[in-house]
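The values are calculated or read from the model by the stated rules, or taken from the named source; none is laboratory data. This is a predicted model, so every value here is computed, not measured. We place every Cβ from the backbone using ideal geometry, glycine too, and count neighbours over all the protein chains shown.
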Amino acid sequence: RAKADGGNQYAFYVHSMSMQALDSLRMEGALRRALERDEFRLHYQPQVDIATGAVVGVEALLRWQPQLGPMVPPGDFIPIAEQTGLIVPIGDWVLATACAQQKAWRDAGLPPLTVSVNLSARQFQHRDLVELVARLVRETGCDPACLALEITETAVMENPQAAVAIFRQLNEMGVQLAIDDFGTGYSSLAYLKRFPIDSLKIDRSFVSDITHDADDAAIVHSVIALAHSMNLKVVAEGVEDARQLQFLREHGCDQMQGYYVSRPVPAAGIEELLRR
Ligand code: C2E
Ligand code: MG
Ligand code: MG
Ligand code: MG
């Protein structure tokens with residue numbers, strides 16, 4: 001009996017594996033077509049200076065809007081884009097679009113906004129990254145000092161030595177650098193000290209419970225103190241209510257973003273928000 005059951009389980013396993021492979025093949029084809037058909041969009045989420053309440057930046061967040069059907073969030077397609085390498089051309093589009101948008105906002109006379117762009121591990125390790133950023137800054141005329149690149153703690157720690165070298169080159173260009181989802185990986189403080197970075201972004205998972213989980217409150221408190229002791233700015237993500245904001249303000253957190261201020265919105269929504 002046990003053997004028969006095992007056999008069935010095996011058959012089921014093989015079946016579900018091939019279904020997954022098929023799904024990701026389909027998805028890969030769909031993502032290629034999405035690039036050709038220009039179906040990707042960027043939404044922007046405001047980043048607010050906690051002390052002044054001013055919108056000082058935005059984070060560009062990728063969405064896929066198929067011609068038919070609902071908008072697809074990045075969590076549903078970025079993992080496959082990463083596995084297949086499609087994240088490189090998609091990421092090029094994201095960077096180019098964000099740089100052009102930053103320039104357009106400057107030309108429109110909006111207050112200076114730092115535009116943050118997420119980089120996947122694959123893009124970060126790509127040998128052309130530094131050259132690509134330099135070329136996009138030249139071609140779009142955007143201000144490198146108002147461009148920030150976000151890279152997750154986990155992606156950085158895959159190869160911290162290489163990361164130091166890439167960070168140095170980007171830093172020399174005047175681009176800002178942020179470690180994203182800080183606290184979810186295992187950063188070595190020794191490396192953190194060597195990275196020429198500008199800010200740490202505290203992961204949403206810590207922020208969501210700061211007002212009723214003493215451990216999360218302690219973690220957020222310590223990350224803010226750590227960042228400040230290293231002259232880094234701290235940005236809290238996923239702020240959803242006034243009490244969380246109050247906690248962050250009391251603990252000297254520099255910036256915040258979250259649904260409490262605004263969900264990610266198309267570029268026109270940012271202009272509207274700034275006019276108000
Ligand atoms: P992330 O970079 O940590 O971005 C923050 C995520 O938190 C975004 O989800 C944002 O919509 C969401 N968020 C912001 N405020 C709140 C809040 O108050 N409550 C809740 N529940 N969520 C909030 P989104 O847009 O679905 O993006 C998810 C992840 O996908 C991003 O996490 C980032 O890792 C990745 N991603 C997004 N755009 C890109 C991109 O252009 N390139 C790459 N490589 N990754 C991207
Ligand atoms: Mg991010
Ligand atoms: Mg983040
Ligand atoms: Mg996050």
Selection from the stretch 170-190 of residues that are polar (S, T, N, Q), outside any loop (DSSP other than H, G, I, E, B) and surrounded by fewer than 16 Cβ atoms within 10 Å (Cβ to Cβ) = Asn171
Residues located in the stretch 148-169, provided they are within 16 Å of ligand 2 (Cβ to nearest atom), at pLDDT 95 or above and not acidic (Asp, Glu) = Ala148, Leu149, Ile151
note = Only unsatisfied item for Gly238, checking (1) on the phi < 0 side of the Ramachandran plot; (2) without any contact (Cβ under 8 Å) to a residue 40 or more places away in the chain; (3) within 16 Å of ligand 2 (Cβ to nearest atom), is (1)
inquiry  = Just to check your reading of the model, which residue among Ala145, Ala100, Ala104 is more than 16 Å from ligand 4 (Cβ to nearest atom), within 27 Å of Arg33 (Cβ to Cβ), small (Gly, Ala, Ser) and part of a helix (DSSP H, G or I)?
reply    = Ala100
message = Can you tell me which of (1) away from ligand 2 (no atom under 16 Å from the Cβ); (2) modelled with pLDDT of 95 or more; (3) at negative phi is the one Gly141 doesn't meet?
response = (3)
note = Every listed condition ((1) crowded, with 17+ Cβ neighbours inside 10 Å; (2) in a helix (DSSP H, G or I)) holds for Ser222 save (1)
remark   = Exactly one of Gly85, Gly91, Gly69 is at pLDDT 95 or above and either acidic (Asp, Glu) or more than 16 Å from ligand 4 (Cβ to nearest atom) (or both), and that one is Gly91
message = Being away from ligand 2 (no atom under 16 Å from the Cβ), more than 26 Å from Ala108 (Cβ to Cβ) and part of a helix (DSSP H, G or I) narrows it down to one residue among Asp209, Asp215; which is it?
response = Asp215
task = Just name the residue that is nearest to Ile78 (Cα to Cα) out of those in the stretch 119-151 that are surrounded by fewer than 22 Cβ atoms within 10 Å (Cβ to Cβ) and polar (S, T, N, Q).
result = Ser120
query = Does the stretch 191-205 contain any residue that is surrounded by 14 or more Cβ atoms within 10 Å (Cβ to Cβ), aromatic (Phe, Trp, Tyr), modelled with pLDDT under 95 and under 23 Å from Arg249 (Cβ atoms)?
reply = no
